[in-house]
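The values are calculated or read from the model by the stated rules, or taken from the named source; none is laboratory data. Being a predicted model, the structure only gives us computed values, none of them experimental. Here the Cβ positions follow ideal geometry from the backbone for every residue, glycine too, while neighbour counts run over all protein chains shown.
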Amino acid sequence: MRRPARGAGAALTRLTVTVAAGDAEVAAAEASALLGCGFREGTGPAGAAVLDFWVPPPAADPARLRAALAAIGVAAEVTAADEDPAWMDAMLRFHRPVEIAGRLRIRPPWEPPVAGLHDVVIDPGMAFGTAQHATTRGCLELLCALPPGGPLLDAGCGSGILAIAARRLGFDPVTALDHDPLSVRATIDNARVNGVALTVARRTIGVDRLPDAPLVMANLTGTVLRMLAAALAGGPAPTRLIASGMRPDEVPSVAAAMAPLGLAESRRIQAEGWATVLLERG
């Protein structure tokens, strides 16, 4: 096994963010954007979400991160601790290759490819998605079940994992959009590493016009998915839409928002308390 380029022994500080479970997703997104790195999620006392970020010591400012989260309405406990070199071993254990539907293999750069599977390489230090989360796996599983070919829009691309996987599966052209400049940068970099061509741009759902595509993928939140439905109403409706980032009890409201587009739920995957749905035109 080849270790990451950062190497064991790198001087890092672990920032630990503890928030209510319901605030975990928005806290993770805000902290990742501020710190420019990915994270490890665990569960603390009384079901609280515990998010660990490994950052260079100059970036380890608990007060700044706590204030940034408070500004978006998230109450958080933030602590900093010097990390010993074992942090890399922990990351190596957590970020394992993920195989999807016998077709895709999502792996960190220190793991080798496997013959016969479409290879997607994602650096977990870059931010926002390495297929460890159930919502990402659900999107990829539903994508693998669709006939390949034709344009695809990844709305809220994060690390670009869904867009890159779509290109590997034969969808073309693929457009990847995100409001966060760090996500746009990570997607461009990951596309380059994987040798795939994507159109990547910074766009905000609900503000900017989105490009038309017969297939849309969106791993967001229930609130943003409902905003996406309104945004898509301004142009030709997609034929299919894969939506994730929802809790199961949010699916009905998202499906209702998509109904005016002629889209209705045709398949659902539920795992680890999350729901991913395929909506199709009748």
For this session: Report, by residue number, each residue of the stretch 204-223 that is crowded, with 19+ Cβ neighbours inside 10 Å and under 20 Å from GLY235 (Cα atoms).
Result: ILE205, LEU210, ALA213, LEU215, VAL216, MET217, ALA218
Exercise. Hey, does the stretch 218-237 have a residue that's at pLDDT 95 or above, β-branched (Val, Ile, Thr) and out of contact with any Phe, Trp or Tyr (no Cβ under 7 Å at 6 or more places or on another chain)?
Worked result: no
For this session: Considering only the stretch 10-27, state which residues are surrounded by 15 or more Cβ atoms within 10 Å (Cβ to Cβ) and either modelled with pLDDT of 85 or more or closer than 16 Å to ALA80 by Cα (or both).
Result: LEU12, THR13, ARG14, LEU15, THR16, VAL17, THR18, VAL19, ASP23, ALA24, VAL26, ALA27
Seminar exercise, completed: Of ALA115, ALA86, ALA90, ALA80, the only residue that is surrounded by fewer than 16 Cβ atoms within 10 Å (Cβ to Cβ) and modelled with pLDDT of 85 or more is ALA115
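Residues are listed down the side, and each one gets a yes or a no for (1) touching a helix residue (DSSP H, G or I) at 6+ places or on another chain (Cβ under 6 Å); (2) farther than 17 Å from VAL277 by Cα; (3) not aromatic (Phe, Trp, Tyr):
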{"position": "LEU104", "(1), (2), (3)": "yes, yes, yes"}
{"position": "ASP119", "(1), (2), (3)": "no, yes, yes"}
{"position": "ARG137", "(1), (2), (3)": "no, no, yes"}
{"position": "GLU141", "(1), (2), (3)": "no, no, yes"}
Problem set entry | Sole residue being at pLDDT below 95 and either farther than 23 Å from PHE39 by Cβ or assigned by TED's automatic domain parsing to the domain that holds PRO236 (or both), chosen from ILE164, ILE106 | ILE106
Problem set entry | Identity of the residue in the stretch 188-237, assigned to a loop (DSSP other than H, G, I, E, B) and among the basic types (Lys, Arg), that ends up nearest to ALA29 (Cα to Cα) | ARG203
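Residue by residue, here is whether (1) under 17 Å from ALA76 (Cβ atoms); (2) buried (at least 19 other Cβ atoms within 10 Å of the Cβ); (3) among the aliphatic types (A, V, I, L, M); (4) modelled with pLDDT of 80 or more holds:
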site	(1), (2), (3), (4)
ARG2	no, no, no, no
ALA5	no, no, yes, no
ALA8	no, no, yes, no
SER32	yes, yes, no, no
GLY42	yes, no, no, yes
Exercise. Can you find even one residue in the stretch 169-186 that is buried (at least 23 other Cβ atoms within 10 Å of the Cβ), out of contact with any Gly (no Cβ under 8 Å at 6 or more places or on another chain) and not in a helix (DSSP H, G or I)?
Worked result: yes
Problem set entry | Residue tally, condition more than 21 Å from ARG107 (Cα to Cα) and modelled with pLDDT of 95 or more, over the stretch 175-201 | 5
For this session: Of the numbered conditions (1) part of a strand (DSSP E or B); (2) buried (at least 19 other Cβ atoms within 10 Å of the Cβ); (3) modelled with pLDDT of 85 or more, GLU99 fails exactly one; give the number of that condition.
Result: (2)
